[in-house]
Amino acid sequence: MSHHLPKKSQSFWIDSTSASNYPSLTQNISVDVAIVGGGLVGISAAKLLKQAGKTVAVLEAEQVAAGVSGHTTAKISSLHQLIYADLIKQHGEEKARLYGESNQAALEQYASLIQSEQIDCDFERKDIYTFAASLDNLDKIKAEYEAAVKLGLPASFVQQTGLPFEIAGAVKFTNQAQFHPRKFVLHLAKTIQGEGSYIFEQTRVKTVEGEQPCKIIAENGCIVTAQDVIVATNLPILDQGLYFAKAYPKRSYLIGAWIDPAKDPQGMFIGSGQDYHSIRTTPHEGKTLLLIGGKGHKVGEVDDTEVLYKQLADYAYSTFEVEEIAYRWSTQDMVSFDQLPYIGKLTPMNNHTYVATGFSLWGMSKSMMSAMILSDLILGKENPWANLYDSTRPTPFVTQESIKKNLDVGMHWVGDRLKGLLDSPEKVGIDEGKVVTVNGDKIGAYRDESGTLHQVSAVCSHLGCIVSWNPAEKSWDCPCHGARFNCEGEVIQAPAVSDLKKY
Ligand SMILES: Cc1cc2nc3c(=O)[nH]c(=O)nc-3n(C[C@H](O)[C@H](O)[C@H](O)COP(=O)(O)OP(=O)(O)OC[C@H]3O[C@@H](n4cnc5c(N)ncnc54)[C@H](O)[C@@H]3O)c2cc1C
Ligand code: FES
């Protein structure tokens, strides 16, 4: 079955808001706290710190909320598909309880900020469900329900939902929320600018030096001097904490389809098992857009990314009464090997450089939680969850999964060097991207629709892995730690800070 899909990848959240237009950094400045990255972590932390009386400067490489936070599904919840039964097993009941409590607290922090700042961002309280479509995963659903109840979370086990198909069972959390993430960030950003605090866009940070004070150095050489710095670039651009080795990048896909508002399934849903789907709706000018996500994979590991959108479209048409698919987009997040995000100091040696990463595709609550923890650490306040998420904790490199994923990176480093050995630029067809070899060099060659060939070095500017072409997003994606570049080689995703060399 083949369904019409929009030609270009475009996030609904970005398309339904106007572009932000903050200036770039053109001179050296000094603030209390510098924040690198203007996604949900960066802007939320900037807001809490400014509220507490600090001056802040957010330095964003592109536009605020146009990275992962501008491409998410934006369910704010403490039900993270299936996690609590596992957390209890892996980390014990007390830590699992703190995990639930901290995510619930972050959800309430959103509600209170949205209320106090009167933020018009389609924030709605909704119930959320993790369901088993068949009997296969029912045991896991029941175990999750039992674990969640034990931890005092608002869980119940149900067999009826608003979905237009039968399910075997679901764990449901009441009074969770959904919102429009970009409307939220754009509103908060406006309240940060001014009184000695700044937001800069189109300002890529190259590195951070020293801690007394911290010097945040932008690509154009301008420097922000600050007592503390939060690196909120999704995966830190600073390599010292080895976060690129403590988590792996997972890319996932979304489509947005108009449906009859009367057919709204009234809730937020995610399936279980291998090929699960994430489902929610969002209101837009009296209409209802159904968002369906899924088809996740490790970055750089699927050659035909287009086909994944087609599979999502098939699912949407066969499951819901879809009128038209108006949007499709994809994005990626870092998955932590021990299921807990890393929130805290860059390394045990750092006292003023902070990071937040490893949200494992549940970063709405965890972004706000990071903002709460990091602002408390900077303000010298006790925080009940800081220990649990301590970013310098020993990392369990020894779990089977982490060994496999790290092995994958090693294999990419070596194996991908054979990519394109026998291919040359002449073999690259219209609208095709390929790694080819020219005079012994690995080149990423993309021929656009007008026949022009764009050639860049295929060696990732982060740590030297070989990038792969992503046909759906028209980007070069690095399978090692998830850096991405456009067809001209310009960085579009951390941890890289430099472009691919033009060839
Ligand atoms: C498909 C998908 C669906 C998801 N759905 C949900 C959901 O429903 N619920 C949920 O809880 N979570 C969800 N998540 C996870 C969530 O979206 C992310 O965890 C969260 O948005 C991450 O926010 P962030 O601030 O870390 O990253 P970002 O929003 O990416 O912010 C980082 C910013 O740093 C900037 N930057 C990078 N390098 C530099 C540099 N050198 N200098 C300056 N700036 C730089 C980037 O441009 C970017 O704007 C989903 C994730 C995916 C992949
Ligand atoms: S992202 Fe690390 S080598 Fe490419």
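The values are calculated or read from the model by the stated rules, or taken from the named source; none is laboratory data. Everything numeric in this text was worked out from a predicted model, so none of it was measured. Counting neighbours? That spans all protein chains shown, and the Cβs are built from the backbone with ideal geometry, glycine included. Just the protein is used for accessible areas: all its heavy atoms, side chains included, with ligands, DNA and RNA removed. Shrake-Rupley method; radii C 1.70, N 1.55, O 1.52, S 1.80 Å.
Taking packing as the residue-averaged number of other Cβ atoms within 10 angstrom, the listed peptides 148-161, 60-73 run from highest to lowest as 60-73, 148-161. For the pair Gln240 and Phe157 in one chain, pulling the backbone fully straight at 0.36 nm per residue adds 25.5 nm over the alpha carbon distance.
Subtracting the Cα-Cα distance of Lys190 and Thr452 from 0.36 nm times their residue separation leaves 90.2 nm of extension gain. Computed 3J(HN,Hα) for the stretch 6-18, one whole-Hz value per residue from the Karplus formula 6.51 cos²θ - 1.76 cosθ + 1.60 where θ = phi - 60°, is x, 5, 9, 6, 8, 6, 4, 4, 7, 5, 8, 10, 7, glycine and proline marked x. Taking a point 7 angstrom from the Cα of Ser18 along the C-beta vector, which residues in the stretch 62-79 have backbone N less than 18 Å away? Once the point is set 7 Å along Cα→Cβ of Ser18, 63-66 turn out to lie under 18 Å by backbone N, inside the stretch 62-79.
Pick out, from Phe173, Leu346, Gly67, the residue whose Cα sits farthest towards the positive end of the charge dipole of the chain, with +1 on the Cβ of Lys and Arg and -1 on the Cβ of Asp and Glu. The Cα lying farthest towards the positive end belongs to Leu346. Rounded to the nearest 20 debye, the dipole magnitude of the chain is 600 debye, with +1 charges on Lys and Arg beta carbons, -1 on Asp and Glu beta carbons, and the Cα centre as origin. For the residue pairs Lys345/Lys419; Lys183/Lys502; Lys50/Lys345; Lys295/Lys345; Lys140/Lys246; Lys7/Lys434, the C-alpha atoms sit more than 29 angstrom apart in Lys345/Lys419; Lys183/Lys502; Lys295/Lys345.
Spin-label pair Gln227-Asp304: with each label point 7 Å from Cα along the Cα-Cβ axis, the two points sit 5.8 nm from one another. Annotation: cysteines of the chain without a disulfide-compatible partner (Cβ-Cβ under 4.7 angstrom) are Cys121, Cys214, Cys222, Cys487. Hydrophobic, long helices, defined as DSSP H runs whose alpha-carbon span along the helix axis is 27 Å or greater and whose mean Kyte-Doolittle value is at least -1.0, occur in the chain at 93-116.
In this label model, Lys7 and Ile430 are separated by 1.2 nm, measuring between points 7 Å along each Cα→Cβ vector. The residues of the chain have, on average, 40 Å² of accessible surface per residue, using a 1.4 Å probe with all protein chains present.
A straight Cα-to-Cα reach below 19 Å connects Lys310 with the aspartates and glutamates Asp275, Glu301, Glu321, Glu323, Glu324, Asp431, Glu432, Glu473, residues fewer than 8 places away in its own chain not being considered. Protein heavy-atom surface of the chain, 1.4 angstrom probe: 50% of the accessible area is carbon and sulfur, with nucleic acids and ligands not counted.
Between His284 and Asp136, the simple spin-label model (points 7 angstrom out along Cα→Cβ) gives 3.2 nm. Test of understanding: extend the Cα→C-beta vector of Asp260 to 7 Å, then name every residue of the stretch 293-337 with backbone N under 18 Å from that spot. Output list for this probe position: 316-325.
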